[in-house]
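For reference, the structure is listed below as structure tokens.
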Amino acid sequence: MTDDGTNAPDDGLPPWLAGLVRRTEGEIPPELARYAGPAPAGARGSAVLVLFGTGARGPDLLLLRRSGSLRNYPGQVCFPGGSSAPADADHVRTALRETCEETGLDPSKVRIAGTVFPLHLAHSGFSVVPVLGWWGAGSEIAGDGEEIVSVHRVPLTELSDPAARLLVRLPDGHLSPAFLVRNVFVWGLTAALTAWLLRLGGWERPWDTDRIEDLPDVRRRYGGGPPP
């Protein structure tokens, strides 16, 4: 346990997650190249919690659907997290605090595995640090009803199903990873980060990389908010 009350890296982590964190170090992966350039001028600091757990179908990831009434990323499916506050000691504290506010998750139940290099969202001016965590079997949580309207624990076996994978063509012509699972559309930074972690962890399965859809068409069917 660290001095600020959070769990130290590798404290109670499954070996596969500790190994995954070690493999996140190194060169910028192609999935995240779009988000790894220079930080936008005046970028606002933020963090997301990439929270792994385990259920009946093995490891899973926690995803949230944002309210369609929000100013930033309305209706989009994302990892929990948000903007840094002056009182936050670091990005870990930001990610835990925001997750608690959005879902009621008890931060003491989360084991911190490590952090990833900052990723930048030029459209919104955010600089995002992904924080990797573990909560085992987890507990019952729900969205706050205002910012977060639904909570999803999605098994990695479903995310790695070739039928769930596609590429979306963004308005600028860029092709970006995306997922369609349980009638939930995951795209943007969340999907790019998920795709990288699936590949890095050895969960990725061969899928049809020629399956390309225009983002507006998929959003009309499943929602998902405006581009990042």
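The values are calculated or read from the model by the stated rules, or taken from the named source; none is laboratory data. Everything numeric in this text was worked out from a predicted model, so none of it was measured. Counting neighbours? That spans all protein chains shown, and the Cβs are built from the backbone with ideal geometry, glycine included. Just the protein is used for accessible areas: all its heavy atoms, side chains included, with ligands, DNA and RNA removed. Shrake-Rupley method; radii C 1.70, N 1.55, O 1.52, S 1.80 Å.
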#### Entry: Three-way shape label, the range 76-191, alpha-carbon gyration tensor, a/c 1.5
oblate
### Heavy-atom surface of the range 160-209, accessible at 1.4 Å and reported per residue (Å²)
38 Å²
### Query
Picking from GLY53, SER84, THR94, whose Cα lies most toward the positive end of the charge dipole for the range 45-115 (charges on Cβ: Lys, Arg +1; Asp, Glu -1)?
GLY53
### Query
GNM on the chain, C-alpha springs below 10 Å: top fluctuator among PRO29, PRO162, PRO15?
PRO15
### Message
Tell me whether the range 98-141 comes out rounded, prolate or oblate; compute the Cα gyration tensor, take square roots of the eigenvalues as a ≥ b ≥ c, and use a/c under 1.5 as the rounded threshold.
### Response
oblate
### Task
Find the relative contact order for the chain and round it to a whole percent, using C-alpha pairs within less than 8 Å whose residues are 6+ positions apart.
25 percent
## Note on the structure
Carbon and sulfur atoms account, in whole percent of the 1.4 Å probe accessible area of the chain, for 51 percent
### Summary
Residue-normalised value, i.e. accessible area per residue, for the range 1-130 at 1.4 Å probe, in Å², stands at 46 Å²
### Query
How many angstrom lie between the C-alpha centres of the range 102-142 and the range 19-94?
6 Å
### Task
Considering only DSSP beta bridges where both residues belong to the chain, give the percentage that are antiparallel (nearest 5).
70 percent
### Task
Answer with a single label: of [x] 18.2, 62; [y] 19.0, 65; [z] 16.4, 49, which was calculated as Rg and Dmax of the Cα atoms in Å from the structure in view?
[z]
## Note on the structure
By the Cα gyration tensor axes a ≥ b ≥ c (a/c under 1.5 gives rounded; else a/b larger than b/c gives prolate, otherwise oblate), the shape of the range 23-103 is rounded
### Summary
Per-residue accessible area, 1.4 Å probe, largest first, puts ARG23, ARG111 in the order ARG23, ARG111
### Query
Can you put CYS100, CYS78 in order of accessible area, largest first, using a 1.4 Å probe?
CYS100, CYS78
### Task
Report the paramagnetic label zone for ASP90: residues of the range 113-133 whose backbone N is under 17 Å from a point 7 Å from Cα along the Cα-to-Cβ axis.
113-119, 128-133
### Task
Measure out, as a whole number of angstrom, how far apart the alpha-carbon centroids of the range 145-180 and the range 202-219 sit.
9 Å
#### Entry: ARG199 paired with ALA137, simple spin-label distance in nm, labels 7 Å along Cα-to-beta-carbon
3.6 nm
### Query
Taking a label point 7 Å from the Cα of ASP210 along the Cα→Cβ vector, which residues of the range 158-201 have an amide N closer than 15 Å to it?
167
### Query
Of PRO177, PRO29, PRO14, which is farthest along the charge dipole of the chain in the positive direction, counting Lys and Arg as +1 and Asp and Glu as -1 at C-beta?
PRO177
